[in-house]
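Worksheet: the structure to be examined is printed underneath.
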Amino acid sequence: MLQPPPPLIDERGIIHKALKLLPNQLRGRFLEVLAELQDESCYRYQRFYKTKLKRIKGTQIPLYCAKIDDAERWKLYLYYQEGKLYLQDIICPIPKANKDSLDIIAELNDF
């Protein structure tokens, strides 16, 4: 018998924070990320196609990073403890202060 996926715990109000910070086009994607974190087939096969969930090495607690967008700018951090996933933080992209010509070209072409 399969175990259900670990429940998501949002003690810090990360979902509310994400819906305030995320641009409109990424809010649906954020909900897809949360849905994938609750999909038991992802845990069964250890494959997280949408979030590319990865363990962050070198931490005392099991800390994980889930990518919200394909450009890897928006990230959701969570940790696993006592059979539960705790939403820890959402990180928004920080624009570079000094952009060179390659950065501008990449932005214009959505690389």
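The values are calculated or read from the model by the stated rules, or taken from the named source; none is laboratory data. For clarity, every value in this text was computed on a predicted model and none was experimentally measured. Every residue, glycine as well, gets a Cβ built from its backbone with ideal geometry; the counts of neighbours run over all protein chains shown. With ligands, DNA and RNA removed, areas are computed over all heavy atoms of the protein, side chains included. Shrake-Rupley method; radii C 1.70, N 1.55, O 1.52, S 1.80 Å.
Observations on the structure shown:
- Residue list for region 16-33, filter: of a type in the set (A, V, I, L, M) and in contact with a Leu (Cβ under 7 Å, 6 or more places away or on another chain): Val33
- When the residues of region 2-47 are filtered to those that are outside any helix (DSSP H, G or I) and of a type in the set (D, E, K, R), the one that is surrounded by the fewest Cβ atoms within 10 Å (Cβ to Cβ) is Glu11.
- Residue in region 70-92 that is crowded, with 17+ Cβ neighbours inside 10 Å, in a loop (DSSP other than H, G, I, E, B) and of a type in the set (A, V, I, L, M) present: no
- Any hit, region 49-67, residues being modelled with pLDDT of 90 or more, open to solvent by 80 Å² or more (accessible area, probe 1.4 Å) and among the aromatic types (Phe, Trp, Tyr): yes
- Pairs, first in contact (Cβ under 8 Å) with a residue 40 or more places away in the chain in region 3-25, second of a type in the set (A, V, I, L, M, F, W, C) and assigned to a loop (DSSP other than H, G, I, E, B), C-beta under 6 Å, six or more apart: Leu21/Cys92
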